[in-house]
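**Student:** Once you've had a glance at the structure underneath, I'll fire off some questions.
Rule-based calculations on the coordinates, nothing more; no lab input. If you're wondering where the values come from, they're calculated on a predicted model, not measured in any experiment. Virtual Cβ from ideal backbone geometry, glycine too; neighbours counted across all protein chains shown.
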Amino acid sequence: MYENSAELAENKLLVLYVMESLKQPITNTQLTEIILENNFINYFTLQQYISELISSDFLKYEKVNDKNLIHITEKGSNTLSFFSDRISSIKKKIIDDYLHSIKDSIKKELTIHSDYTLGKDNSFIVDLQALENDNLLISLKVSVPTKKQALSLCNRWKENPSDIYNKLMISLFSEAN
């Protein structure tokens, strides 16, 4: 079922290396995308490794703002520091370059939230949030009549939250003439 034990160890260490390099918790989906984008491990094997690393207390889930995020534990960090030389330098370089290119988008995904639910009278309640350093900057709930409008608001919020936030704050704090 598993590759040879050296490859198994390197792959699990690679998962720990990604988590340690990011220096922030991420979702399982984000971790999966990072590994799959670089063709290191297939999806099902990766999910097995994540599960085993969590069971062994090398990784841990924590709930942050309604999201289950994975982070590396102290045990995982210590293990990685002892055995990081078992990860090929080529793989480390690929991961380092890739993480450098996507770090901002990962941070944005973790700090910008948008979702909608079905409200009363078939309207939709759109929930928009922005966080900075785990502090809530804004939480806005808006009722709209159609699913299309709800999706549009969610997408616009994800595309340019800073601009929308700034315009809203200017509008709220501007002096009335």
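**Student:** Every residue in segment 28-72 that is aliphatic (A, V, I, L, M) and part of a helix (DSSP H, G or I), please.
**Tutor:** Correct list: Leu31, Ile34, Ile35, Leu36, Leu46, Ile50, Leu53, Ile54.
**Student:** Select, from Ile87, Ile94, Ile102, the only residue that is surrounded by 11 or more Cβ atoms within 10 Å (Cβ to Cβ) and under 20 Å from Lys67 (Cα atoms). Please lay out each step first, then the result.
**Tutor:** On the way: Ile87 fails: under 20 Å from Lys67 (Cα atoms); Ile94 fails: under 20 Å from Lys67 (Cα atoms).
Only one candidate qualifies: Ile102.
**Student:** Give just the number: which of (1) over 30 Å from Lys141 (Cβ atoms); (2) in contact with a strand residue (DSSP E or B) (Cβ under 8 Å, 6 or more places away or on another chain); (3) surrounded by fewer than 17 Cβ atoms within 10 Å (Cβ to Cβ) does Thr117 not satisfy?
**Tutor:** (1)
**Student:** Going through Glu37, Glu7, Glu20, Glu52 one at a time, which residue ends up being closer than 24 Å to His100 by Cα and out of contact with any strand residue (DSSP E or B) (no Cβ under 6 Å at 6 or more places or on another chain)?
**Tutor:** Numbers: Glu7 fails: closer than 24 Å to His100 by Cα; Glu20 fails: out of contact with any strand residue (DSSP E or B) (no Cβ under 6 Å at 6 or more places or on another chain); Glu52 fails: closer than 24 Å to His100 by Cα.
Criteria check complete, one pass: Glu37.
**Student:** Tell me the strands (runs of 3 or more DSSP E) entirely within segment 88-177 that contain at least 2 residues that are polar (S, T, N, Q) and without any contact (Cβ under 8 Å) to a residue 24 or more places away in the chain.
**Tutor:** Here the list reads 135-144.
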